[in-house]
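Novice: One structure, as structure tokens, below. Some questions next.
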């Protein structure tokens, strides 16, 4: 073998084949004045250019990563395939222009035994080269070799069309030569567009769907206790590159997590041998409820009713998991004329009804609000009352431990509130954010002319 690397070797012999085919087609095409054969000669000449590009692209892509190309040189194959697509389309342009010229100004086409012989030889050579190129392209996942194989495959189709055109010319139907040239151009355009789309997707880092399906199915089957956070994949020449983030149970040690990551990487490379993938490990956020569970709880809390009592509204519902237990906070709006004793009985009944449907809920913290049609506006002289309302609202939430500071800025009946509140350090950020949103919402209901509320949260030390 002239070259040790089979990719480089098969690319080199494609250059030799392209030179041979271009030469014999050009000689016979000029001698017979056949547009079909001349179109084939130009097609083979451009195949030669494409084969040279492929040869150097494959040679460069085989180089290992260096200080200037951390991810290797694989993209050169995608780029060369795009250039080859452009070359094919240029070929089509020339063939179509020449065909239109010959429609308007017919030329005499001389047919002899060499006309048929050169096309038959071309079909045989093209078949052998396309088969060899495609075999190595599949083995090495080389897009450049695949593009080169496509060039030789189109030659087979177009040569068959030209051969049929020559037969019709031989039986006194000369326009068939021009028609054959146009059909060749149409075939090349269609195949070029398909190759171009695939190449552009690779250059733009379009995700390879088959590989994603293989990886996700493998993780679901072999590592169902882990959570797939993110999977990103892209093609770079013959290689698939990607990164994967998985969440492991909090009980896993650093060493255990590292072993799991190595195991996953090893098995993925067994499934996809041309992949370079980086595995990141992160702990599961086990304090969060799944979205489906949260939605189920929310629907039940919102829709539960107490017989004989009209609950004006249930709102500001928050559900959270804390120390492996589930809690709920919510506000119930009742008739303002209802006695406190009766209102308390209503909330107790409501809680029992909810727990009969959701026994896993540890407790439900309920804030009772009177339903009123009118709300008053607060001004500068009401700063003390604003502060009192804010403290009252914060006391509704058991995970708010302390109000560290609080300030009120009043100007022309517009109020700006700034505060720092201390929360339980064990809650997650999502829960802390929901609580601050509820505090802000409650405050706006009681003081509608607040212009801005800024609440900063800190963990309890």
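Novice: Please compute P(r) over all alpha-carbon pairs of segment 6-203, binned at 5 Å starting from zero, and give each bin as a whole-number percent.
Specialist: Calculated P(r), rounded to whole percents: 1, 9, 17, 20, 18, 13, 9, 6, 4, 2, 1, 1, 0, 0.
Novice: While we're on this one: Taking the Cα atoms only, what angle lies between the long axis of helix 254-271 and the longest principal axis of the chain, rounded to 10 degrees?
Specialist: Helix 254-271 and the main axis of the chain meet at about 30 degrees.
Novice: Another question, if that's okay. Measure nothing but the geometry: give the 0 to 90° angle between the long axis through the Cα atoms of 340-357 and the longest principal axis through the Cα atoms of the chain, rounded to 10°.
Specialist: 40 degrees
Novice: Please state the relative contact order of the chain as a whole percent: Cα pairs under 8 Å, 6+ residues apart?
Specialist: Dividing the mean separation by the residue count of the chain yields 10 percent.
Novice: Still on this model: Give the share of C-alpha pairs in each 5 angstrom bin for segment 209-283, from 0 to the last occupied bin, in whole percents, shortest bins first.
Specialist: The distribution over segment 209-283 is 3, 15, 30, 27, 14, 7, 3, 0, 0, given as percents.
Novice: Express the C-alpha Rg of segment 147-223 as a ratio against the empirical globular expectation 2.2 N^0.38 Å, rounded to two decimals.
Specialist: 1.81
Novice: Considering only DSSP beta bridges with both partners in the chain, what is the antiparallel share in %, to the nearest 5?
Specialist: 50 percent
Novice: When the C-alpha atoms of segment 132-275 are aligned to their principal axes, what extent does each axis show, in angstrom, from largest down?
Specialist: 85, 25, 23
Novice: Under 37 °C and 0.692 mPa s, how fast does the chain diffuse according to Stokes-Einstein, given a Kirkwood radius computed over C-alpha pairs? Answer in µm²/s, whole number. All intermediate terms of the calculation are to be shown ahead of the outcome.
Specialist: Working: Rh = 29.2 Å.
D = 113 µm²/s.
Novice: Between the helical axis of 35-61 and the dominant principal axis of the chain, each derived from Cα atoms, what acute angle in degrees is found, rounded to the nearest 10?
Specialist: 50 degrees
Novice: Also, I was wondering about something else. According to a simple spin-label model (label point 7 Å from Cα along Cα-to-Cβ), what is the distance in nm between residue 200 and residue 220?
Specialist: 3.2 nm
Novice: Which length gain, in nm to one decimal place, applies between residue 315 and residue 89 when the Cα-Cα distance is subtracted from 0.36 nm times their residue separation? Spell out each step's value before the answer.
Specialist: Details: separation 226, 0.36 × 226 = 81.36 nm, distance 6.40 nm.
Residue separation times 0.36 nm, minus the Cα-Cα distance, leaves 75.0 nm.
Readers should treat all values here as calculations from the given coordinates under stated rules, not as data from a laboratory. Small disclaimer: the values here were computed from a predicted structure and weren't measured. Note that each Cβ is placed from the backbone with ideal geometry, even for glycine, and that neighbours are counted across all protein chains shown.
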